[in-house]
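Below is one structure, written out as structure tokens, with a few remarks after it.
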Amino acid sequence: MGTQWIRWPANVVARSGGEPVAFGGDYNPEQWDESLWPEDVRLMREAGVNLVTVGVFSWSALQPTPDRWNFGWLDRVLDLLHAADIAVDLATATASPPPWLTTRFPQTLPVDRHGRVMAQGGRQAWSPSSPVYREHALALVEKMAERYGRHPALALWHVSNELGGHNARCYDDATAVAFRAWLKDRYGHSLDRLNTAWTTTVWSQGYSAWEEIQPPRLTFTDANPTQRLDFDRFSSDQLREQLRAEAAVLRRVTPEVPITTNMVLFDAGKNMDYSSWTGDVDLVASDHYLRATPDAQAELSFSADRARGLSAGRPWLLMETATAATSWRPVNPAKRPGQLRRDVFSYVARGADGIGFFQWRAAQGGAERFHSAMLPHAGPDSRKFREVSALGRELASCAEVLGTRVDADCAMVFSEESWWAAEREGHPHNGLSYLESALRWYQSLRDAGITVDIVPASADLSGYRLIVVPMLYLVSDRDAAAIADAAHAGATVLVTYFSGIVDPLDRVRLGGYPGAFRELLGVRVEEFAPLPEGESVGVDGVTGPAAVSTWHEEIDLTDAEAQARYTGGDFAGAPAVTRATRGAGEAWYVAVELDDDARSRLVAAVAERSAVVARPSECGLEVVIRRSAEHDYAFLINHGDTATSVSGSGTDLLDGSGHAGKIEIPAGGVRVVRLAA
């Protein structure tokens, strides 16, 4: 981590006479006539905006031709914002190169796995391995840093934008060269070590020269799994190198200004190993957009808890979300009245000390013209703008919550590398989803009122009472040992099927499944038994009576006790869920894919044994506690259609109301209560 991590944007603090919640969004003044800018700023003030991101996609406006720079418009924008006491998160503008660059240097364009060159005309039309792109991008960053590094509006540097959101995997010739260099470093310039690591004796893939190695482009059959895994690692590292290269320029020229980049913690966020990036930024910032599925609220919470986990529990910044509809899904539903407020306070409840939207003013043209904004096409006389303005006022009232920590004593281990490797072809069940497996367990924990830190496999697990390890297919010896150590130290560890199966080279751990966790769990499995679609098997025990589908296994107990058993099928009477005592803690193994009810019953039993803090509630009430040395703050978010209440006393920061003994939360309402001591 950076030596000054975490550093919050100083100008936001200084300008408000205290430390407010950062509130604003992407501002793209270059898309509008300059005569409109004063109205933008006036309405920003009306809405309570105090931080805006500027310049994300402005490279062609800043450098219209190779030898001409045009900073005048950006000078005027920053001056105008500063005069209105609105701080700026200034983008380096490198996210999308201008047409002149890709026309002069077509080798900078990305190439997909099929060998197709991606044309200029969208966004992120650059190869992460292109030295030409890197040279021009850093020249732009240098210009930006030198010109605006001392501008009084500047609060934060915003490197690129959603790095890898579209170009995370590139297969051009420059990538091939860079991949070979990366492999030489990884394997000590030894082809013998690489051939051994990749098991190239399979399918006659042995390499005799580095030049023979290519990116894992399209093949007739499944590509070498370790080659693909290394390429995933390399690709994430290439994007990280772009982040580090831009950050190095900024730190050299403006060492006092904090730096971040917006991590994609939705959809395409699979492609980056963000746990390795956090040391390169001064604060963690994320983007999140709701998906249009029944579990959308749980996925929102999961993303927020993942951002907090990447930030090691410290405050983080939600750089982008939507006030209403997005524009890139097959169907882009609007948010119901009140949903925006509930969504925003869910992020804040889970550690966000700043809220940003894409974007400030809804675009009139371009690819995202139907994406929602703080100021919609309908203008300021609209329900959406009134909701946004009300949010600005309410967030301002929550200043004392900033810097507090979310109270969580449950961790879920989540690994990008395992995500990549678990969803390859050639597995016993090729329909398994690592993310969806994690989300199902997360949903059950959330429904039980358990707040969860989503943490990398390398995280410090000490202090957690309950540790859930869903489908951790790939795990290192070190990380597996750390999970076992946590159990021996007193934690309750729950591991699900298809975990511990391979080492970091995607090689199967021999001796029986679940590989790296056999000793911890006290079980041994000889053979996987995935279930074809439409088939199910009964289980009963701690899960209650249930029908399991997708996956089951025959477990041999070596040092564990059965907690649920099969009631039918080939393994009738055999264990399906087990528990083993380990030191001061326990280790549970779940060898089946449980339905929602059975999973919830199991979570309730495990939570009770672990003594994890659970705040179960009814009627769709979300309860999260943020804690300072002086106070606890209860975030009470009612996603239901009926009023509800919880026991407690305190003062609601949002409306100033006092509550004694019972706190009432109206249907669809939100309270942020400073609890009485």
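So here's what we get for this one:
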item: Expected 222 nm ellipticity per residue - DSSP helices of 4 or more, -39500 (n - 2.57), all of the chain, to 500; result: -9000 deg cm²/dmol
item: Centre separation in Å (Cα based) which lies between the range 608-629 and the range 243-302; result: 27
item: Segment ASP595-GLU519, extension gain: residue separation times 0.36 nm, minus the distance between their alpha carbons; result: 24.6 nm
item: Theoretical gain in end-to-end length, GLU146 to ALA667 [0.36 nm per residue, Cα-Cα removed]; result: 182.4 nm
item: Charge sum, other residues only, whose C-beta stays under 10 Å from ARG308's C-beta, Lys/Arg counted +1 and Asp/Glu -1; result: +2
item: Pair ARG193, VAL331: separation of 7 Å Cα→Cβ label points (nm); result: 5.3
item: The chain, relative contact order [Cα under 8 Å, separation at least 6], %; result: 11
item: Approximate spin-label separation ASP540-ALA248, in nm, with each point projected 7 Å along Cα-to-Cβ; result: 6.6
item: Hydrodynamic radius (Kirkwood) for the chain, which is based on Cα pairs only, to one decimal in Å; result: 26.5
item: Taking the range 115-179 and dividing mean pair separation by its residue count, relative contact order in percent (alpha carbons under 8 Å, at least six apart); result: 58
item: Net charge of Cβ neighbours under 12 Å - reference GLY573; Lys, Arg +1; Asp, Glu -1; result: -2
item: Per residue, in Å², the accessible surface of the range 417-479 once ligands and nucleic acids are set aside, probe 1.4 Å; result: 33
item: For the range 284-381, alpha-carbon Rg and Dmax in angstrom; result: 13.6, 41
item: Per residue, in Å², the accessible surface of the range 558-677 once ligands and nucleic acids are set aside, probe 1.4 Å; result: 43
item: Given charges at beta-carbon only (K, R positive; D, E negative), |dipole| of the range 133-205 in Debye; result: 140
item: ASP67 accessible area, assembled protein chains, probe 1.4 Å, Å²; result: 130
item: Fraction of alpha-carbon pairs over 20 Å apart in the range 188-329 - percent; result: 61
item: Peptides ranked, highest mean first, by Cβ atoms within 10 Å: ranges 611-621, 133-143; result: 133-143, 611-621
item: Convex hull volume of the range 229-290 per residue (C-alpha atoms, cubic angstrom); result: 80
item: Portion, in percent, of the accessible area of the chain that falls on carbon or sulfur, probe 1.4 Å; result: 50
item: Amide proton proximity set for ASP453, modelled H, under 5 Å, gap of 5+; result: CYS410, ALA411, MET412
item: The range 557-677: relative contact order in percent, alpha carbon pairs under 8 Å with at least 6 residues between; result: 16
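The values are calculated or read from the model by the stated rules, or taken from the named source; none is laboratory data. The model shown is predicted, which means the values in this text are computed figures rather than measured ones. FYI the Cβ positions are ideal-geometry reconstructions off the backbone, even for glycines, and counts take in every protein chain you see. With ligands, DNA and RNA removed, areas are computed over all heavy atoms of the protein, side chains included. Shrake-Rupley method; radii C 1.70, N 1.55, O 1.52, S 1.80 Å.
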